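Inspection log for the structure reproduced underneath, given as structure tokens.
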Amino acid sequence: MSKLKKDYINNQSVEFSIEVDLFAIARNKGPSRWILAHILHGSNKIYISIVFITTIIAAILSSSIMIVVGETINSFIMGNNESLIFYSIIILILGICTPLIRICNFMLREVLAQRIERDTRKEFYLNLLGKSQSFHDQQKIGDLMARTTNDVRMLNYLVSPALSLIIESFTSLIVPIIFIFAFYQTQLVLIPMFFIVSFLIALRDYTKKIGPATEKMRMSFGEMNIVLNESLSGIILIKSTVQEALEKHKYLSTIKKYRNAYIEQGRIQAKYIPILLLAIMNTLGLAHSIILFLQGNFNVGQIIGYLGLLSQFRFSTFISFFVFSIIKLAGVSAKRLLETMDKKTEIDENLEGITKDIIGNVRFENVTFNYPGYNNTILHNISFEIKSGQTLAIVGTTGSGKTTLTKLISRLYDVSDGKILIDNIDIRKYTLKSLRSQISHIEQDIFLFSNKIIDNISFGQASSLEDIINVAKFAQAHEFISSLAEGYQSEIGERGVQLSGGERQRIAIARAFLTNPRVLILDD
């Protein structure tokens, strides 16, 4: 077994691995290392390298234009037509090359962003599929949906535009300083250097303040989705009990919390000091260059070029609060995604376990069970045996643990004490895939996918139409399916809402029969 595979198994954040998790190790090192692992994964390194290089080149060309514009003005004032034509051609070339490079940069960063979003979405989805039943019992679907959609999307925005813009932002601070050193008097660098130091201090203070506000906003968004999801899922109950007004109040309450969190973030952004610092720098820079001009140490073209270089700081100043807001949002989103993915599972899929076909002899030996995280015992010291081919009916009052008992057989939960054996082998010694693929479970609350009848019956087992019709007949579903306009190709709506309860149950039974299970569990 490969080291990567072993690391994935030892991580124990999932009970069932569909494929090797390439980012399991990075997740353990925190959000920043995890994001970096995605950015540098595979050929992404090539994309980010080109984005980095083209961003720097674009910043250099933009600053170069300012120098050339200054020289062009000097040539115009002095009436030097040859130099004027030469510098005009240079400006034209730079003016064409700069946007072309930016277009290339934009295209590559978008490709990189989409690749990272795709990989992150896949990683999160596979992680959710692999989580244990006890994990899903404790989750709120609305919050999971918010994480799956919006939080993953924020990692896209982190790369495009945030990552590219932050590279360009800092390049736009450094390159003009270098150009001022290279082409103008050294003293002219003092004012922009003071601005950069003040800018970085203010930016650090801004990021500290914006972080908590951003996290609060993301949490409020998750709460809003939870209420929305529960309202839509329970719409029948809401209407039958005339509770629309109550649900409206609950949803409006979460909307207000989200609005207030957004306003709080806006207040912090409104107090962004570097914009004021930029105005002060430009004013002082103009005054300084005019003084040098009056002293005869500076010409008009140099003033224009110098002020043009100072104008390059404008991009960094105005874009930084937007970019760092995205970075904080992405950081919070990454933290929320890792918070979900890194939750440990109590069930081990036992990849090196037994994979043989089972006969179907089931035995409970002194089984005791309580749900993970809860102390109250649901099942206590249960023992019985069912031979292959036998049928056993388990009866009891509501809440006595009948459904829980059936879920223990396929290891949706693990026993707290005692053991369950199939064919005299502890079920924990089988691989999860081998065990569950040979057990069919028809639950009280039948779940059907928003798909065609034929796809619902064949779910989990690729089969011919003839086999599907045979099991449908055996489950007494063929007659009503045939009466539908499109027969087995009929769409049944979300969760099978277009079918009656009995029809949904018969389709579920047909689906169970198609897998030819060694153990069939009917929970009614």
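Cut-off 20 Å, label point 7 angstrom out along Cα-to-Cβ of HIS136: give me the residues of the stretch 436-478 whose amide nitrogen falls inside.
From the stretch 436-478, the list is 436-452, 455-462.
How big is the charge dipole of the chain about its Cα centre, in debye rounded to the nearest 20, if each Lys and Arg gets +1 on its Cβ and each Asp and Glu gets -1 on its Cβ?
So the dipole magnitude of the chain works out to roughly 1100 debye.
Quickly work out the LEU200-to-SER383 label distance, labels modelled 7 Å from Cα along the C-beta direction, and quote it in nm with one decimal.
Inter-label distance under the simple model: 7.4 nm.
Exceeding 25 Å between C-alpha atoms, which entries from my cross-link table qualify? They are LYS45/LYS328; LYS402/LYS452; LYS239/LYS407.
From the list (LYS45/LYS328; LYS402/LYS452; LYS239/LYS407), the Cα-Cα distance tops 25 Å for LYS402/LYS452; LYS239/LYS407.
Fully extended, how many nm does the chain gain between ILE291 and LEU100 (0.36 nm per residue separation, minus their Cα-Cα distance)?
So the extension gain works out to 64.9 nm.
Between their Cα atoms, which of LYS208/LYS335; LYS250/LYS343; LYS208/LYS256; LYS29/LYS216 are more than 27 Å away from each other?
Violating the 27 Å Cα-Cα cut-off are LYS250/LYS343.
Pick the calculated mean projected area of the Cα convex hull in nm² for this structure from (i) 28.9; (ii) 33.9; (iii) 37.5?
(ii)
To the nearest Å, what is the center-to-center distance of the stretch 238-266 and the stretch 301-320, using C-alpha atoms only?
Cα centres, the stretch 238-266 to the stretch 301-320: 46 Å.
Would you list SER333, SER482, SER437 from fewest to most Cβ contacts within 10 Å? Walk me through the numbers on the way to the answer.
Numbers: SER333 26, SER482 12, SER437 17.
Ordered by Cβ neighbours within 10 Å, fewest first: SER482, SER437, SER333.
Using DSSP to define loop residues, name the GluC sites (Glu not before Pro) in the stretch 450-524 whose beta-carbon has at most 13 other beta-carbon atoms within 10 Å. The partial results should precede the final answer.
Numbers: sites: GLU466, GLU479, GLU486, GLU491, GLU494, GLU503; in loops: GLU486.
Hits after loop and neighbour filter: GLU486.
What is the list of residues in the stretch 49-82 whose amide nitrogen lies under 19 Å from a point 7 angstrom out from the Cα of VAL300, following Cα to Cβ?
The answer is 66-82.
Counting other C-beta atoms within 10 Å, and keeping those with at most 15, which DSSP coil GluC sites (Glu not before Pro) do you find in the stretch 335-422?
GLU346, GLU352
With a 10 Å Cβ neighbour count serving as the proxy for reagent exposure, in which order, fewest first, do VAL111, VAL159, VAL175 appear?
VAL111, VAL175, VAL159
Roughly what angle does helix 300-341 make with the longest principal axis of the chain, taking Cα atoms, 0 to 90 degrees, to the nearest 10?
10 degrees
Can you classify the stretch 438-524 as rounded, prolate or oblate using the Cα gyration tensor, where a ≥ b ≥ c are the square roots of its eigenvalues, rounded means a/c under 1.5, and otherwise it's prolate if a/b beats b/c and oblate if not?
oblate
Bear in mind that the values in this text are calculations on the coordinates, not laboratory data. Source: prediction; values computed, not measured. Glycine gets a Cβ as well: all are built from the backbone with ideal geometry, and neighbour counts include every protein chain shown.
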